[in-house]
Amino acid sequence: MAQTTYLESKNHYPILDGLRGVASVLVIMFHVLETFTGGNKFVQIINHGYLAVDFFFLLSGFVVAYAYDDRWGKMTAWDFYKRRLVRLQPMVIMGSLIGAALFYFQASPAFPTIANTSVWELLLVMVIGATLIPVPLSMDIRGWQEMHPLNGPAWSLFFEYIANILYAVLVRRFSKVVLSVFVTLAAFMLIQYLVTSKSGDLIGGWSLNSEQLYIGFTRVLFPFFGGVLLCRIGKLIHIRNAFWWSSLLIIIMLSIPRIGDEHHVWMNGIYESLCLIIVFPLIVSIGAGGELHSARSEKICNFLGEISYPLYITHYPLIYLFTAWVVNNKVPLGISGLLMGLLVVITSLVIAYLSLRFYDKPVREWLRKKVLVKKINS
């Protein structure tokens with residue numbers, strides 16, 4: 001018997017990989033600075049950093065369509081699920097383990113139920129979190145009503161899995177016309193929520209209740225399947241220095257201050273609608289249509305692309321720890337707070353890199369050989 005790899009991975013869009021890394025770093029900076037706001041979103045620096053998640057959804061839809069749209073005659077839905085699980089699930093497990101390891105160090109009035117959580121409850125939530133199955137509110141061991149209390153950002157992976165299933169079961173069969181109608185309806189759903197909600201923003205999606213689930217589906221449906229449609233249309237933008245211009249554009253869009261005040265939240269909703277429906281697809285089109293003209297840029301994009309997912313899925317336990325330190329010591333936004341925040345960013349990068357090199361890559365390679373390689377007669 002000989003072995004052959006089943007459906008080798010296609011070449012990546014290196015600039016899109018780099019943009020994912022830029023957005024991941026912005027997410028960490030957003031979460032660090034958010035700690036000092038006391039929940040007041042109107043004073044948040046890097047104010048729209050949470051929209052990086054929606055940008056990730058758009059990138060994922062584009063890349064999934066590019067990688068799999070022309071392969072359905074050679075694979076089944078189960079083959080597709082296995083490939084996605086091999087790519088994503090190992091770091092989900094790592095995020096849950098890191099969250100459990102740091103859990104009791106995060107005791108603070110900010111997390112009111114940590115002190116009353118037994119070890120067996122912690123271990124149960126850790127195991128469930130490693131499967132990405134959301135826990136009900138009755139199993140919230142932190143007090144923030146998260147579906148993944150040990151690693152909050154895992155909620156977005158939960159919705160990404162749902163989007164992947166919808167793609168494999170249904171949307172991959174859509175023609176461009178049908179997909180365009182579907183994406184248009186999802187865009188109207190997004191706009192309707194943003195301009196009529198009490199918040200005027202897309203913050204949310206991480207709790208297992210009807211309101212938060214609605215936000216989660218609103219956040220994933222347009223960008224993910226908009227990314228699929230963007231890939232199928234194939235209208236890319238070709239400019240020089242595409243990585244640097246598209247990186248600058250995503251930094252600007254995520255850093256714009258809150259639009260409007262508490263009496264005009266719909267104005268912020270209009271801004272976020274424009275980001276998701278117009279600007280983010282524009283950035284992806286620039287990134288996918290661009291080329292890298294120097295070895296330095298290529299190395300930067302490769303590094304950012306490789307570290308982006310481990311960074312996103314492992315950084316938040318450190319944010320919990322940082323939040324507890326800020327709250328317990330009443331630390332204001334100043335030199336000491338910013339220096340400690342910088343340490344959190346650096347530590348997150350180190351943990352992500354070590355996880356990538358010594359865990360994620362080896363585990364994915366082992367799983368690839370075990371799961372994605374089929375035996376044929378020689």
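Values quoted throughout were computed directly from the atomic coordinates according to the rules given, and no laboratory measurement underlies them. Nothing here was measured: the structure is a model prediction, and the numbers come from that model. Glycine also receives a Cβ, built like all others from the backbone with ideal geometry; neighbour counts cover every protein chain displayed.
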Quiz item: How about K235: which aspartates and glutamates have a C-alpha closer than 18 Å to its C-alpha, ignoring those fewer than 8 places off in the same chain?
Solution: D69, D70, E291
Exercise. Once you've got the GNM for the chain with C-alpha springs shorter than 10 Å, pick whichever of S175, S255, S138 has the biggest mean-square fluctuation.
Key: S138
Exercise. Over 28 Å between C-alpha atoms is what I'm after, so list which of K74/K369; K41/K330; K176/K299; K41/K361; K74/K361; K82/K198 land there.
Key: K176/K299; K41/K361; K82/K198
Quiz item: At what distance in nm do the modelled label points of W78 and I239 sit from each other, each positioned 7 Å from its Cα along Cα→Cβ?
Solution: 4.7
Quiz item: How large are Rg and Dmax for the range 1-114 when only the alpha carbon atoms are used, in Å?
Solution: 19.3, 64
Exercise. Would you mind calculating the gained length between W144 and T184 on full extension (0.36 nm times residue separation, minus the Cα-Cα distance), in nm to one decimal?
Key: 11.1 nm
Exercise. Express the relative contact order of the chain as a whole percentage, based on alpha carbon pairs under 8 Å and six or more residues apart in sequence.
Key: 34
Exercise. Kindly identify the range 248-288 as rounded, prolate or oblate by the Cα gyration tensor criterion: order the square roots of the eigenvalues as a ≥ b ≥ c, call it rounded if a/c is under 1.5, otherwise compare a/b with b/c, prolate if a/b is larger, else oblate.
Key: oblate
Quiz item: What is the gain in length, in nm to one decimal, between E298 and D69 on full extension, counting 0.36 nm per residue of separation less the C-alpha to C-alpha distance?
Solution: 79.8 nm
